[in-house]
Amino acid sequence: MLKCRRIIEYWFGKRIKVDIDRKLKLFYITSIFSMVFAVLGFSYNAWRMELTEDNSNIRTAAFEVLAQLSEMQQMIYAAHYDNDLQEGNPRKIWVKVGLILDLSALISVQVEAQANELKNLWGESWEQVNDDEAITQRLITQIDNVRKAIKVALQDLQ
């Protein structure tokens, strides 16, 4: 490169040297800015993809919890209003409660807290569901509270 520059200087003088230096500086500056923008663009894209994946996981868990809450509510109604211990079997409802609690941890702290309250309420009152209307209504109200917390969490997604 240096030999080539000397030949050009010999034939065309200092004016060409100044033009070449300017073009090289412009080339280097352009290269540096291109690399900076490429790294920034890649970083943003990676961050955004990770956030999208987190949101997708939260949505999937939320919809599954909503489905489990509906099934739990149906089982509680079967146990209380129909006195159907096969459809409203407390052991099956315990499985639903456990799944709801596990998945709620993936959604948000508020949903997990509401699901934990549902678990505690079910643990205290599962034996009286068949006979006590007030207990049944408290359980349904708590199921609705979990649903509301899920809706808030889904609305807060970015």
Under 5 Å, built H, 5+ apart or other chain: amide partners of D84: A79
Run the numbers on the chain and let me know its relative contact order in percent, using alpha-carbon pairs under 8 Å that are six or more apart. 21
Within the chain, helix-based [θ] at 222 nm, where runs of 4 or more DSSP H residues each add -39,500 (n - 2.57), nearest 500: -30500 deg cm²/dmol
If you take Kirkwood radius over Cα pairs in Å from the coordinates, which of (1) 15.9; (2) 18.1; (3) 20.3 do you get? (3)
Once you've got the GNM for the chain with C-alpha springs shorter than 10 Å, pick whichever of R22, R147, R48 has the biggest mean-square fluctuation. R22
Can you tell me the FRET efficiency between S56 and K92 if r is taken as the Cβ-Cβ distance and R0 is 25 Å, rounded to the nearest 0.05? 0.30
Rough spin-label spacing in nm, given labels placed 7 Å along Cα→Cβ, for L40 and A113: 3.9
Per-residue ³J(HN,Hα) for region 73-89, Karplus 6.51 cos²θ - 1.76 cosθ + 1.60, θ = phi - 60°, Hz, x for Gly and Pro: 4, 4, 5, 5, 4, 5, 5, 7, 7, 9, 6, 9, 6, 7, 6, x, 5
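Read-outs: derived from the displayed coordinates by stated rules, not from any lab. Remember, predicted model here, so these are calculated numbers, not experimental data. Methodologically, a virtual Cβ is constructed for each residue, glycine included, from the backbone with ideal geometry; neighbour enumeration extends over all protein chains shown.
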